[in-house]
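Worksheet: the structure to be examined is printed underneath.
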Amino acid sequence: MDVDVLHTGGRYAEVVLEYLSSRSERVRPFQVMGVLPIPIDDAREVLPPEAGAADVVICMGVHQDILAELPAIMAERGGRALIVSVENPSWLRPGLIPQISDQCRAEGLECALPKPFCNLEPQGDVVREFCREFQVGRPQIRLTVEDGKVAAAECVQGSPCGLTHWVAERLVGRPADDSLIEAAKVLHHTRPCLASMEMDPRLGETVMHLSLYLMEAAVEEGLRKAQDQT
């Protein structure tokens, strides 16, 4: 599966590209301008001519004017699915959400607008295959418990920045009780999660806190299943 990543630089883009590239050699990064000097009539003027032709096109912090035109550009270039990551409320204006979704539908593209990226739940075959191949999506952690401790922890799928995998590795050897969830919360802040701490009016809290809740839920569910099997 070919993946194009359109980004504006920064640490978050760096860790996502590092993780995705470790899973496949078919990941192509394209750094684009986060701030456009003047309004543009055609986003093709600022996008590399080969960008947007992949099976999956991921956008992180890309300018709203580019996002608005991207479905049509992808349809021209052969793209199949658009994922707009929303790690920060400013990355996708609320009014643009239905516009992008409708445009993708009209162009025959799959569309996902996860907030944050680790909240991705595929609604179509292309994004579903992307999640399977890259082990990306709403966190799932499989735990093995022996003698009251975590003997093994596998990240079935998780954050595209690699945080879920990183946390899972560090759960091994810890007591298999409620303290494991608290340990996961500390680890989530230790690496740390790079989602925004800016208050999101639509969520009523920060995107980073939603990421934390998803991690907690994954560890809690993994622990429950492991305990049921012992």
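Some observations on this one:
- Residue list for the stretch 102-123, restricted to those being surrounded by 14 or more Cβ atoms within 10 Å (Cβ to Cβ) and either of a type in the set (A, V, I, L, M, F, W, C) or part of a loop (DSSP other than H, G, I, E, B) (or both): C104, L109, C111, A112, L113, P114, K115, P116, F117, C118, L120, P122
- Filter result (more than 19 Å from E133 (Cβ to Cβ) and of a type in the set (S, T, Y)) within the stretch 154-192: S179, T190
- Figure legend. Inter-residue proximity from the stretch 202-224: first residues among the polar types (S, T, N, Q), second residues assigned to a helix (DSSP H, G or I), beta-carbon distance below 6 Å, spacing 6+ or different chains. Indicated pairs: S211/C118.
- Residues of the stretch 70-95 that turn out to be of a type outside the set (S, T, Y) and surrounded by fewer than 17 Cβ atoms within 10 Å (Cβ to Cβ), as a count: 5
- In the stretch 98-114 there is no residue matching the filter, namely being of a type outside the set (D, E, K, R) and modelled with pLDDT under 95.
Residue-wise test of (1) outside the structural domain of N119 (by TED's automatic domain parsing); (2) crowded, with 17+ Cβ neighbours inside 10 Å; (3) β-branched (V, I, T).
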residue	(1), (2), (3)
V167	yes, yes, yes
G173	yes, no, no
E182	yes, no, no
V207	yes, yes, yes
A218	yes, yes, no
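- Test: residue in the stretch 10-33 that is within 19 Å of the chain's Cα centre (by Cα), free of Cβ contacts under 8 Å to residues at least 60 places away in the same chain and over 26 Å from G158 (Cβ atoms): yes
- Picking from residues in the stretch 21-54 that are out of contact with any Phe, Trp or Tyr (no Cβ under 6 Å at 6 or more places or on another chain) and crowded, with 19+ Cβ neighbours inside 10 Å, the one that is nearest to G137 (Cα to Cα) is V27.
The values are calculated or read from the model by the stated rules, or taken from the named source; none is laboratory data. Source: prediction; values computed, not measured. Don't worry about glycine lacking a Cβ; one is built from the backbone with ideal geometry, like all the others, and counts go over all protein chains shown.
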